[in-house]
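Everything below concerns the one structure shown next.
Derivation of every value follows stated rules applied to the coordinates shown; laboratory data play no part. Keep in mind it's a predicted model, so treat the numbers as computed, not measured. Reconstructed Cβ throughout: ideal geometry from the backbone, glycine too, with neighbour counts over all protein chains shown.
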Amino acid sequence: LVCAQGRNLRAVLCQRCGSRVLLPGAATFARRELLLPAMRKKAAAAAAAGGGDVLREHWLVRDMFSFENVGFTRDVGNVKFLVCADCEAGPIGWHCLDDKDSFYVALERVAHE
């Protein structure tokens with residue numbers, strides 16, 4: 001999935017509907033522990049309840065305009081969660097409002113083609 005330069009070799013897709021989230025080469029591989037709410041619950045409710053998964057492997061996107069198709073939840077503290085803009089599956093990723101140039105998409109929460 002990762003090229004020699006650390007970028008995504010394949011397109012990143014929504015697991016549920018197959019909508020394209022990122023084109024090949026649009027993100028770099030990053031390891032960072034992030035808590036994402038469970039995908040079956042509303043992101044804000046799950047975050048408030050403290051439920052979710054700690055995920056460690058992500059695609060790091062530095063410019064929000066690099067996404068082909070992504071939506072954002074309302075603020076949950078200083079975080080917005082990323083969801084599929086077509087079917088609203090998610091959260092597939094995480095964005096801290098303190099760092100305007102870092103958007104993380106969890107590898108476990110997306111598909112690749």
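A few notes on this one:
- Alpha carbon convex hull of the chain, projected area averaged over orientations, nm²: 6.2 nm²
- Take every pair of alpha-carbon atoms less than 8 Å apart whose residues are at least six positions apart; their mean separation over the length of the chain yields a relative contact order of 27 percent.
- Sum of -39500 (n - 2.57) over DSSP H runs of 4+, divided by residues of the chain (222 nm, nearest 500): -1500 deg cm²/dmol
- Rounded FRET efficiency, nearest 0.05, which uses the C-beta distance separating D98 from R16 and R0 of 25 Å: 0.25
- Full extension of the segment from L1 to V54, taken as 0.36 nm per residue of separation minus the current Cα-Cα distance, would add 17.0 nm.
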